[in-house]
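Single-structure report; data block below.
The values are calculated or read from the model by the stated rules, or taken from the named source; none is laboratory data. Predicted model only: the values in this text are computed from it and were never measured. As a convention, Cβ positions derive from the backbone with ideal geometry for all residues, glycine included, and neighbour counts pool all protein chains shown. Calculation scope for accessible area: heavy atoms of the full protein, side chains included, ligands and nucleic acids excluded. Shrake-Rupley method; radii C 1.70, N 1.55, O 1.52, S 1.80 Å.
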Amino acid sequence: MTEKTLSYLALGDSYTIGEGVAEPERYPNQLVKRLNESGKGQWENPLIIAKTGWTVDELEEGIANSTLIKAPYDLVTLLIGVNNQYRGREVEVYKTEFEQMLLKAIGFAGNLPDHVVVLSIPDWGITAFAEEKGVDQNKVALEIDAYNQAKKEVCDQYGVYFIDITQEYRAIGNQPEMLVEDLLHPSGKIYALWAEKLFEKVSKTQFR
């Protein structure tokens, strides 16, 4: 009997589409490569619905306008919110919008919350780009923390696994080799770390 090919939908913004890196370096692509090489099922290429600059409502619109989504998916990942924070939107508004987006993600995963994984928002305030712009890094850090706390609370409410990538990113994200040319977005080396965290979770998930 031929083994079922598993499907993966990645929802997000610049961090998911991999602004400034080649397609194989995006974390969804690195995750699929890692899963296939490890024998943890046979995975098809990820469908990525993400665009640099997207807020939650813009991701919602992007999903609505996509003709490529063919649910259900065996795995759905969600990383969204940095642009809501960047534009100065209230965390409570974000929390409400994120909850609706998470419910949509769960629906795309066949209403299986354990097949959805959410990643925390990286702190862009630590980057060379932010330093050059004279950004108040403490303010950004506090706001990112508040956003991530809101995200985690929603994930806990619905039984969705939440991965913290923020703390590690703060420690290493501004190293030259961890940044792409714009000095703002992560390099493939950062995405490899995120893919490994995802792999640790996904490789333990039972797929029907």
Inter-part distance where region 21-48 and region 52-128 are each reduced to a Cα centre, Å: 19 Å
Cα-centred dipole magnitude for region 1-136, charges only on beta-carbon of K, R (+1) and D, E (-1), debye, nearest 20: 440 debye
Global size of the chain as Cα Rg and Dmax, reported in angstrom: 16.3, 60
Crossing angle, helix 56-65 versus the chain [Cα axis fit, 0-90 degrees, rounded to tens]: 40 degrees
Kirkwood Rh in Å, taken over all unlike Cα pairs in region 150-208: 13.2 Å
Pair-distance profile P(r), taking every C-alpha pair of region 86-176, with 10 angstrom steps and integer %: 16, 42, 29, 12, 1
Helix 188-202 vs. the chain, principal-axis angle (Cα, 0 to 90°, nearest 10): 40 degrees
Accessible surface, region 132-208, averaged per residue in Å² (probe 1.4 Å): 54 Å²
More than 16 angstrom apart: percent of Cα pairs within region 27-93: 58 percent
Interchain or long-range residues, amide H under 5 Å from ILE163's placed H: VAL118, LEU119, SER120
Selection from GLN42, ASN29, LEU68, by position along the positive dipole direction of region 1-101 (Cβ): GLN42
Cα-based Kirkwood hydrodynamic radius, region 18-141, one decimal, Å: 16.2 Å
For region 90-100, Karplus couplings with θ = phi - 60° (6.51, -1.76, 1.60), whole Hz, Gly/Pro x: 5, 5, 5, 5, 4, 4, 5, 5, 5, 4, 5
Backbone N under 18 Å from the LYS204 label point (7 Å along Cα→Cβ), restricted to region 97-127: 113-120
In nm, spacing of pseudo-spin labels at GLN100 and LYS189 (7 Å Cα→C-beta vector): 4.0 nm
Peptides 49-59, 173-183 ordered by average Cβ neighbours within 10 Å, highest first: 49-59, 173-183
Max mean-square fluctuation residue, GNM over the chain, Cα-Cα springs under 10 Å, options VAL154, VAL32, VAL135: VAL135
